[in-house]
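Quick notes on the structure that follows.
No value in this document is a laboratory result; all are computed from the given coordinates. From a predicted model like this one, the values you see are computed outputs, not experimental measurements. Because the Cβ atoms are built from the backbone with ideal geometry, glycine has one as well, and the counts that use them run over all protein chains shown.
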Amino acid sequence: MIAGEISQLGSHYVLNLTATNCLTGEPLAQEQEQAAGKEEVLNALGEAAKKIRGELGESLNSVQRCNAPVEQATTSSLEALKAFALGEETRARSGDLPSLPFYKRAVELDPNFATAYARIGAVYGNLGEFRLAEENTSKAFELRVHTSEKEKFYITGHYYGDITGELDKEIEAYLLWTQTYPRDSIPHNNLGVAYDRNGEIEKALEEYLKSMHLDPDDTLHYGNVASDFIALNRLEEAKAICKQAIEKKVDTTLTHIQLMEIAFFQGDNQEVQRQADWAKGRPDEYDALAELAVIAAYRGRLGEFRKLAQQAFEAASRVKVPAVAGKLGGIFAIEEATLESFPEAGRWGKKCLELSGGEMIAAAIPVAFAGETAKAQSTIAEVGKRHPLSTLHQQLLIPAVRAAIQMQQENFAGAIEALRPTERFEGFILFPAYLRGLCYLKLKSGKEAAAEFQRVIKQPDAFRPFAYRPLARLGLARAYALAGDTAASRKAYEDFFAIWKDADADAPQLLKPKAEYAKLQ
């Protein structure tokens, strides 16, 4: 173990580094450096670190290869480093949004602080502010020549993941990082995110568990592990992870939203509300309100859904990060499109595109269903030019929008063909399978439609309990009716009605299925 100590001697500072054998307590090496003033402290620390590494047996080649002067590798500003450290601590305990001011302060104090720019980019990416994420990550990439090897891995991985969108290169960068620094939690976590994006949930979970083992005090790891346990329908394990986060006092609103989802899937409505109440008054209460909104839509309580959606959007707008509200608008747009409330879907979709600067192109799906296919087409054309190498844009998001455009134009065979590239992601994102099922219904292909809807029903989603999941049971009922299997069709209708037992009585999405069910012999 290496311990550090600093003391002031007049205007000078004295730094001591001592390496101790953890088994015996015996000192292994010691280095002392002096700094003429506060501005020289980090430089002195770098010199002491380089010397003690040699004393501990690291080869000269390794010391030289992995050594960059600390003022280049990190920052020359002690105050910037302090702000960055506060950002790291806040993010580990409380999540992305509260950490942002500290990282911003770090780059104000040192405009060449590459890793701080990279963290800002990562935070903005998680918040949905993709333009700002791109701007800051690109800045970090430009400055990476002055960083340490570990920092280069971080910046490069995020550059491929968040800027060019090249999933294979992102995975390659993080794999190399895990091999080079096996005790570092960050590459395992980020590799998990990349695997999730690639639809490989089991592999992602394995990496998240490694990152949590290596750094058990970071809330991010608990959220990712719980999310994948939910996606794999391992709800009790997900609940246990959330409780661990609470016991360690690293729980955030996400932790309680995940407990809401688990309680919802397990039929515990009181627990759903209890967890939602926990978030009241918090800056990110909007996420809990959005969760309640989609649960209401899932149950067919459309009036309640719309009321909660508006409340969530207004709460998110108060955060003053436009894409946060935009992301919720995109969620509500997809819900309205799924419920065939196309004017509302178009309204929310356009609001999402406006607030995200056109980057959240999933919102172009409901815009297309609302009949504004030219707007949807121009959106994907523009975003496609900005992200020509992005795996997610080129193979998932843009194909899904193209399929929605084809469906609006009643070219259902063309929509199925447009969705072909999305299949690699459908271990994680099931909405394309739902759209494909709808297309097969329109083509009177009952057997093929049933297969798509069954996929949606059998596999829990990695995201919120969206309305297309119960509506997949309605689609399955119609598919079985097309295929001539009346008994199976009746059962699927009844399963749908059971989920929508408390739905708005006048909901058109309920009245038509009831009439169809009544005609079955």
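Side notes on the structure shown:
- Nonlocal amide H pairs with Ala29, under 5 Å, H built at 1.01 Å: Ala19
- Straight-distance crosslink candidates among lysines, where the alpha carbon sits under 27 Å from Lys351 and sequence neighbours closer than 8 are dropped: Lys280, Lys307, Lys320, Lys327, Lys375, Lys385
- Residue-averaged [θ]222 nm for the chain, counting only DSSP H segments that reach four residues, each worth -39500 (n - 2.57): -21000 deg cm²/dmol
- Computed FRET value (nearest 0.05) for Ala498 with Gln311, which takes r as the C-beta separation and R₀ as 35 Å: 0.80
- Normalised by the number of residues in the stretch 279-519, the average gap of Cα pairs under 8 Å and 6 or more apart makes the relative contact order 17 percent.
- Of Lys458/Lys501; Lys139/Lys249; Lys104/Lys152; Lys104/Lys249, pairs whose Cα-Cα distance is over 28 Å: Lys139/Lys249
- Principal semi-axes in Å for the chain [√(5λ), Cα gyration tensor, largest first]: 49, 23, 21
- When the charge dipole of the chain is built from unit charges on Cβ atoms (+1 for Lys and Arg, -1 for Asp and Glu) and taken about the Cα centre, the candidate among Leu100, Thr74, Ser148 whose Cα reaches farthest toward its positive end is Leu100.
- Taken about its Cα centre, the chain carries a charge dipole of about 1780 debye when Lys and Arg each add +1 at the Cβ and Asp and Glu each add -1 at the Cβ.
- Using C-alpha pairs under 8 Å with a sequence gap of at least 6, the mean separation divided by the residue count of the stretch 2-67 gives a relative contact order of 24 percent.
- Charged neighbours of Pro366, selected by a Cβ distance under 15 Å, balance to +1 (K, R count +1; D, E count -1).
- HN-Hα J in Hz across the stretch 213-230 - Karplus 6.51, -1.76, 1.60, θ = phi - 60°, x for Gly and Pro: 5, 6, 9, x, 10, 9, 4, 4, 5, 5, x, 5, 4, 4, 4, 6, 4, 5
- Between Leu392 and Arg424, the modelled label-to-label distance comes to 1.5 nm, taking each label 7 Å out from Cα in the direction of the beta carbon.
- Using C-alpha pairs under 8 Å with a sequence gap of at least 6, the mean separation divided by the residue count of the chain gives a relative contact order of 9 percent.
- Förster radius 25 Å - calculated FRET efficiency between Ser62 and Thr18 (Cβ-Cβ, nearest 0.05): 0.70
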